[in-house]
Amino acid sequence: MTLVVPTWNGGRRFVQQLASVTRAQPSPERVVVLDSGSDDGTDVAAERAGCDVVRIDRATFDHGKTRQAGVERATTPLVAFLTQDAVPAVDWLDPLVAALADPGIAGATSRILPFPESSALATRTVLASRSAGAEPFVARFPAGTFAALPADRRRSAYVYDDVASCARRDLLLSQPLERTMMGEDAIWAEAMLERGFGIAYAAGSIVHHAHEYGLRSAFRRYRDDAAFVRRRYGLALRPTLRSVVRGLAYEWREDLRFTRASRAEGKLRSMVRSVAWRLGQVSGQWWGTVRGGSP
């Protein structure tokens, strides 16, 4: 097993990741870190932990091709991926490897949960995702049939996220990750499903990952996601100003409900943050739907 991690100023989360990966049972045979010019010591920390550090020009970074460069350096049949701020449980690899014991499975992905110290808003956001579900499943279709499914069915048929995933190297070489800044994992998974391979959601593999957004960062993240969904599937996540108003009302109401039910301190502060976070989220979805995202 080779683990591939793209990095740029990974900070304390990357240090936590290194510690978890070092303790992992089983542990990766090799860890390839593709560093885009960190100036916070991320690359040095990786070298000290025994990783194979490849330094690349930040201007050439690409979510798909950079990861593919790690695949090409690997020599093991399986290649796992983590983002630099994802912290896996000690036994996170076992369920992924077990899923891939079936030769008909192309890739498997982990269950993503918030950090214990995540805010109520981040916790609610992560737990609302299908990537946090407790039940494992495999998506598989007869070869040549997946692409003909309706767009909403294709989008909801599987879970595959290279925040934490594992795939067969031979298939990654025959179907390389595309050059793109968004959705490289989804594009690859759907190509595998079209070829008749399965994509597994290994809920027993636990990895912690969450972001704390403000107005600007939420706008950018959700804008780009909505633009990808529009380009890839032709679906409009937030097409009208009316949908913006309804979306804001829903998100603020659910934040209030979740925050009230949580044991976290600072509930008033959470609700103040909710105003900016969800305004950025919903307006970003609208902008990405009607205007597109970043290149």
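Laboratory data are not the source of any read-out in this text; all were calculated from the coordinates shown. Here the structure is a predicted model, which means the values were calculated and not measured. Every residue, glycine as well, gets a Cβ built from its backbone with ideal geometry; the counts of neighbours run over all protein chains shown.
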- Pull up the DSSP beta bridges for the chain and report the antiparallel fraction as a percent, rounded to 5. 40 percent
- Item | Projected label distance in nm at residue 73 and residue 231, using a 7 Å step from Cα toward the beta-carbon | 2.7 nm
- Task: Check every DSSP H run in the chain and write down those whose alpha carbon atoms cover 27 angstrom or more along the long axis and whose mean Kyte-Doolittle hydropathy is -1.0 or greater.
- Result: 241-261, 267-290
- Message: From the phi angles alone, apply the Karplus equation (6.51, -1.76, 1.60; θ = phi - 60°) to segment 87-103 and give each ³J(HN,Hα) in whole Hz, x where the residue is Gly or Pro.
- Response: 10, x, 5, 4, 9, 5, 6, 3, x, 5, 5, 4, 4, 7, 5, 7, x
- Query: What is segment 1-137's relative contact order, in percent, from Cα pairs under 8 angstrom and six or more apart in sequence?
  - Reply: 29 percent
- Task: Specify which labelled value, from (i) 30, 24, 19; (ii) 32, 21, 19; (iii) 42, 22, 16, agrees with semi-axes √(5λ) of the Cα gyration tensor in Å derived from the coordinates of the model shown.
- Result: (i)
- Query: Got a sec? Charge dipole of the chain, +1 on Cβ for Lys and Arg, -1 for Asp and Glu; which of 54, 240, 28 is way out at the positive end?
  - Reply: 240
- Under 15 Å by backbone N from the virtual spin label 7 Å along Cα-to-Cβ at residue 267, the residues of segment 112-127 are 120-121
- Full-stretch length increase - residue 163, residue 143 - with 0.36 nm per residue and alpha-carbon distance subtracted: 4.5 nm
